[in-house]
C-alpha cells in the first residue's frame, strides 16, 4: 500500500468514515470506495453492488469483476443505534445494544424521561428527534428505533430516517397503529417502497411481553437486518 493511501485510510478510520478498500489480486492496484459516492460512481455496476453489500453486511471478500478478482476489505466504524423515546424498553435496550457493540444514543425532548439518572453513561439528547438525527450524519451503519408511541415525537424521527441511508428503521406499535402511521407518512410524500423499510410492529415475533423481552426482540431484529439484509 502506498504511503498516501495508508495515511488516507488512517484518517478515515479516525474520522469514523466508512470505507471499502478494493485490491486487484493480480496487479495489486487499489481503490477506495465511500458509501456517499456510490450512487454517482463510474465503476463497474457489479463492483458498486458488491461494495454496497460489503458496507451493509460489514463483510468483505473476493469479487470477480470483468475478469479481474478483487478483494474487498471493509473498514466500518462501530454501528450506531439511535433510540427515540426514553421509555422502559429503552432502559433495557441500551444496555443490551451496548454489550452487542453498538454506540447508543437516546433522543427524547422530555427531560423527565431522558436524563442522566435514568440513563447513566448514555449519550442523551433532549432535542426534537428530527433536529437531533439531522446532526448525526446517518449512514448504513445506523439503526433508528422509535419507541414513544407518540406521533409528535416518532413521526419526525421516521421522516428523517427514511431520507437517510440507515440500514434499520423500526417503530413500536400495533398493526393498527402502524397502519395509521403509514398513512401519515404517505401524506408526507413517501411511497410504499420507502415505507417498506420500516419494521413495524418492531422486533422479531418471539411472543415478548415485558419491556426487557421486547428489547431482546428489537435488538435481535436489528442484528438480523445488519447481518442478513
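Every read-out reported here was derived from the displayed coordinates using simple, explicitly stated rules and does not represent laboratory data. Every value quoted in this text rests on a predicted model; they were computed, and no experiment measured them. All Cβ positions, glycine included, derive from the backbone under ideal geometry; neighbour counts span all protein chains shown.
With 0.36 nm allotted per residue and the present C-alpha distance subtracted, the residue 227-residue 53 stretch has 61.6 nm of extension available. Taking other C-beta atoms within 10 Å as the exposure proxy, 168, 34 rank 34, 168 from fewest upward.
Contact order, relative form, for the chain: 16 percent (alpha carbon pairs under 8 Å, 6 or more residues apart, mean separation divided by residue count).
Kindly put 1, 81 in sequence by how many other C-beta atoms sit within 10 Å of each C-beta, fewest to most. Walk me through the numbers before you get to the answer.
Working: 1 12, 81 24.
Exposure proxy ranking, most exposed first: 1, 81.
Using Cα springs under 10 Å in a Gaussian network model of the chain, which residue among 127, 192, 154 shows the largest mean-square fluctuation? Comparing 127, 192, 154 in the GNM, the peak value goes to 192.
Multiplying the residue separation of residue 134 and residue 75 by 0.36 nm and subtracting their alpha-carbon distance yields 18.9 nm. The modelled label-to-label distance between residue 11 and residue 95, using points 7 Å beyond Cα along the C-beta direction, is 4.3 nm. When the Gaussian network model of the chain links Cα atoms closer than 10 Å, the mean-square fluctuations of 216, 48, 94 top out at 48. Distance between the modelled labels on residue 26 and residue 44, one decimal in nanometres: 1.0 nm (7 Å Cα→Cβ projection).
Of the labelled figures (1) 63, 41, 37; (2) 58, 38, 32; (3) 54, 34, 32, only one reflects Cα extents along the principal axes in Å as derived from the coordinates, namely (2).
Of all the options 175, 76, 165, the one that moves most in a Gaussian network model of the chain with Cα springs shorter than 10 angstrom is 175.
Could you work out [θ]222 nm for the chain from helices alone, using -39500 (n - 2.57) per DSSP H run of at least four and dividing by all its residues? Round to the nearest 500 deg cm²/dmol.
On the way: 8 runs with 90 residues, N = 229.
Theoretical 222 nm ellipticity from helices: -12000 deg cm²/dmol.
Return the whole-Å distance between the Cα centroid of the stretch 15-76 and the Cα centroid of the stretch 168-207. So the two Cα centres are separated by 32 Å. Taking other Cβ atoms within 10 Å as a rough exposure proxy, 6, 219 sort from fewest to most as 6, 219.
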